[in-house]
Amino acid sequence: MRKSVILLMLAVMTVVTGCDFFRVLAGRPTGKDIDARRVEIMKSEEAALQARLDSIRRAEEKVVADSLAALDSLAAQGVIMTGASRLGGLGADLPAHRYHIITGAFRDRTNASKLADKAVAEGYEAELIECRTGIIAVGLCPSDRIAVTYDALQKLRHESFFPKDSWILLNE
């Protein structure tokens with residue numbers, strides 16, 4: 001009977017005091033300690049996520065600032081940037097990128113290919129852009145960012161094959 005009373009008292013004590021009593025005796029963390037650590041981990045994860053979001057926001061702001069600075073520089077230098085309407089509109093196959101530096105526009109595909117081949121031989125990416133009017137334009141350094149296009153334009157100005165009256169095509 002004594003054993004059953006002791007077992008009953010241990011069972012009641014376990015239910016009343018919970019596992020934390022035994023955890024303290026064993027030197028293990030209690031439920032409160034575990035909850036506090038869980039909150040601490042969540043706060044550190046939220047802080048890391050916020051830091052990543054802030055980094056992305058700063059990078060996006062820098063891209064916008066670079067693009068605006070490039071546009072200002074282009075305008076100050078008198079570089080023409082216009083849409084495809086300047087060439088009478090683009091054909092059915094639209095270019096994949098938003099900006100191209102147009103170095104020439106030809107009615108003869110052979111002449112356009114020659115200029116494109118010169119640019120490729122110099123290490124630049126060239127693309128033939130067909131217009132509705134039958135004109136074939138040679139577009140160099142295709143990009144989706146105006147700042148990249150501006151940097152390429154600055155580099156191209158030092159090339160022997162690059163004509164002074166080149167302009168930037170805005171593919172809208």
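The values are calculated or read from the model by the stated rules, or taken from the named source; none is laboratory data. Bear in mind the structure is a predicted one, so any value in this text is a computation, not a measurement. Note that we place each Cβ from the backbone using ideal geometry, even for glycine, and neighbour counts take in every protein chain shown. Accessible surface areas use protein heavy atoms only, side chains included; no ligands, DNA or RNA. Shrake-Rupley method; radii C 1.70, N 1.55, O 1.52, S 1.80 Å.
Worth pointing out:
- When Ala76 is tested against (1) open to solvent by 80 Å² or more (accessible area, probe 1.4 Å); (2) modelled with pLDDT of 75 or more; (3) over 20 Å from Cys141 (Cα atoms), only condition (2) is not met.
- Segment 119-149: number of residues that are open to solvent by less than 40 Å² (accessible area, probe 1.4 Å), within 16 Å of Phe161 (Cβ to Cβ) and either over 21 Å from the mean Cα position of the chain (by Cα) or free of Cβ contacts under 8 Å to residues at least 12 places away in the same chain (or both): 7
- Boolean, Pro142 is part of a strand (DSSP E or B) and either closer than 26 Å to Ala69 by Cβ or acidic (Asp, Glu) (or both): yes
- Count of segment 93-118 residues which are outside any loop (DSSP other than H, G, I, E, B) and within 26 Å of the chain's Cα centre (by Cα): 4
- Hits in segment 152-161 - residues which are surrounded by fewer than 21 Cβ atoms within 10 Å (Cβ to Cβ), touching a residue at least 12 places away in the same chain (Cβ under 8 Å) and in contact with a strand residue (DSSP E or B) (Cβ under 9 Å, 6 or more places away or on another chain): Ala152, Leu156, Phe161
- The residues of segment 162-172 that are open to solvent by 30 Å² or more (accessible area, probe 1.4 Å) and either over 28 Å from Glu60 (Cα atoms) or aliphatic (A, V, I, L, M) (or both), listed by number, are Pro163, Lys164, Asp165.
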